[in-house]
Structures are given as structure tokens and as C-alpha cells.
Amino acid sequence: MANSSTSPTAILTNLLEADATLATQEAEITIQLEALREKRQSLKTVIDLFSTTTAPATSTQAAAALSASKPPATAAPKPTATPEATAASTAAPEPAAAPEPTATRGRQATKATKKPRQSRNWQDYLQDPFRQTSLPVAITTVFQQQPKQLLSVPDLINAIFTAEIPQDVRNKARDRMLNILSTGAKDGQWFRGKKGQYSLTKAAPEGSR
């Protein structure tokens, strides 16, 4: 008689339990990673704040030190104008200033209108209500706001991120969100319907089939 512990049913049960354990561990690691990223982002904000406040003071101190090191200027004696020089200066008009070349003005206008470099970090494009939360928590919040609605990944991205997010950064956020949605569906946090849509209640996905 075959051992029941080595039967296909027992092996399948063990594999499902192992898969559930790994899914739980993946979700925990995901949450920890999001928390670390938020802490690092907060640290970068503080560093930028200190860099902004200390730079002008340093420039002012350097200018003061440079001024103190220069010797006092001595006024040069004003030359006495001769009758010939006076007549020459009265008769000869000053030449008009040459107009600035168009190409130079165009380069200056281009520099003035050059846009600042956009961030490649999707955390910088979170809407205000989600700036202090992790991405799994933000997804859960959107589901709770619309518990009976089937939401696609684009729906969730539009609800969580600002419209200014670049396309390549949006793609990174989408891949991250797909991983979180898949793990949450396995853990029963929400339910998956057709065409990759999700809902907080099971009735909505069943009604879409």
C-alpha cells in the first residue's frame, strides 16, 4: 500500500502551503522595502533643506572675506581738461551701441526656458494624500474608497499618482503595482475580475464574468 504522505494530493497540499508561506514573506518584505524607501526619501529631503539654507551663508562669508583682503582703493587725481580736449569731446558724438546678434539672444532665451530635470523616482509623483504611505497602503485606501468598483491598474495609477509623472516612471510604478495586486489577490486582500481588474469585494469580480 502506497504511503499517503507521498500521494499526489499530499504533495500538492505541501506545495500550496509553501507557496502561501512565500507569498506572505514576499508581502512582508515588500512593505519593509517601501518603508525603507520612504525613510531614505525623507532623509534626502532633509539633506536638500540643509544644502539650500547653508549655501547662501557660505557665499556671503566668502564675499566678505574677499572684500576684507583687498587694499583700500585710492582715488586717482582727476586730469585737468585742456581747451583742445574739451572741443574734441564736444564735437565728436559717441558711437551707438551695436545691436545684440539674434543668435545670441536665441541662445539666452533657450537657457532661460530650459526645464529642470525631472525625477526618475516614482515616489516623487505621489499625490498629497499618499506621500506618507507605502504603495500597498495607498492601493488599499483607493479600494476602500470604491469598495464595489472594479478598478484596473491605470485606474489605480491615476488615483494615486499625479498627472505630471513621466511615461517611463509610470511604467515602473505599474510593474510595482502589478506585483502588489497579484500578491494581495493570493492573500485574499482583494479579488481579481476579468481583464486584470480588481475589487475589494468578491461580488464585483463575479458579476463581471
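No lab work stands behind these numbers, since they all come straight from the coordinates. Everything numeric in this text was worked out from a predicted model, so none of it was measured. Here the Cβ is made from the backbone with ideal geometry for all residues, glycine too, and neighbour counts use every protein chain on show.
Peptide packing: for 190-196, 122-128, 36-42, 15-21, the average count of neighbouring Cβ atoms within 10 Å per residue gives the ranking 122-128, 190-196, 36-42, 15-21, highest mean first. Given axes a ≥ b ≥ c from the Cα gyration tensor, I'd like to know whether the range 123-169 is rounded (a/c under 1.5), prolate (a/b larger than b/c) or oblate. It is oblate, given that a/c is not under 1.5 and a/b is not larger than b/c.
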